[in-house]
Amino acid sequence: MTRSLFLLGVFSLSACGEVLDDAADSGVETDTDTDTDADADTDTDADTDADADTDADADTDTDVGCSASSDINALTETLASSEWDTAVKAVLLACYDTDSSGLIHTQGEVDGVTCATFSTLDAASTASSYASSFKALYGFEAGLIWSGDTVGFDSAVRTQTLSAIETCGY
């Protein structure tokens with residue numbers, strides 16, 4: 001539990017894991033040598049080289065400057081437990097709660113959640129002991145008990161979030 005709380009603090013302080021991802025990518029080429037590609041003089045970011053990043057999902061959430069999918073996959077809490085929900089909520093809010101309200105509660109914030117993130121959430125929910133989709137487990141589907149707030153979504157955007165999840169194919 002202490003480790004989880006420490007990690008939650010790191011996620012919040014590191015812009016949703018960017019610092020952790022950089023530390024984890026110790027084998028990434030930094031391109032400090034002279035090379036012949038067109039951007040040799042300006043290439044200082046390891047992820048701008050085509051061959052620099054071998055992590056399959058490292059760039060899936062770059063549109064918002066965070067790596068929610070990677071951060072969620074790195075969680076050690078039991079899937080779909082209250083501890084996992086709390087940790088996921090911290091990751092999602094750090095990445096997508098643009099006004100720091102404490103919930104993803106606007107259409108713009110929902111639109112910011114990437115399909116890669118919804119994919120990760122759905123895979124984790126399906127792999128949990130509940131063996132249910134993310135949208136069903138957390139009550140995004142009509143007629144189910146709402147619990148999406150436990151992972152950071154406001155009930156006011158329930159239908160918009162369901163639409164976003166389904167648009168992504170989950």
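The values are calculated or read from the model by the stated rules, or taken from the named source; none is laboratory data. All figures in this text were calculated on a predicted structure; none of them were measured in a lab. Every residue, glycine among them, receives a Cβ derived from its backbone with ideal geometry; neighbour counts consider all protein chains shown. The protein model used for the area step is the full one, side chains on, heavy atoms only, and it has no ligands, DNA or RNA in it. Shrake-Rupley method; radii C 1.70, N 1.55, O 1.52, S 1.80 Å.
Quick rundown of the values:
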quantity	calculated
Carbon/sulfur fraction of accessible area - region 87-168, other protein chains in place, 1.4 Å, %	53
Whole-Hz ³J(HN,Hα) from phi, Karplus 6.51 cos²θ - 1.76 cosθ + 1.60, for region 94-104, glycine and proline x	4, 8, 10, 7, 5, 10, 6, 6, x, 8, 7
Where region 62-145 is the region considered: accessible area per residue in Å², 1.4 Å probe	42
Residues with amide H under 5 Å from that of residue 153, placed H, sequence gap 5 or more	104
Inter-label distance, nm, simple model (7 Å from Cα along the C-beta direction), residue 115/residue 144	2.1
Order by protection proxy (mean Cβ within 10 Å, highest first), peptides 87-94, 145-152, 112-119	87-94, 112-119, 145-152
Added length on full extension, which subtracts the Cα-Cα distance from 0.36 nm per residue, residue 155 to residue 130	6.8 nm
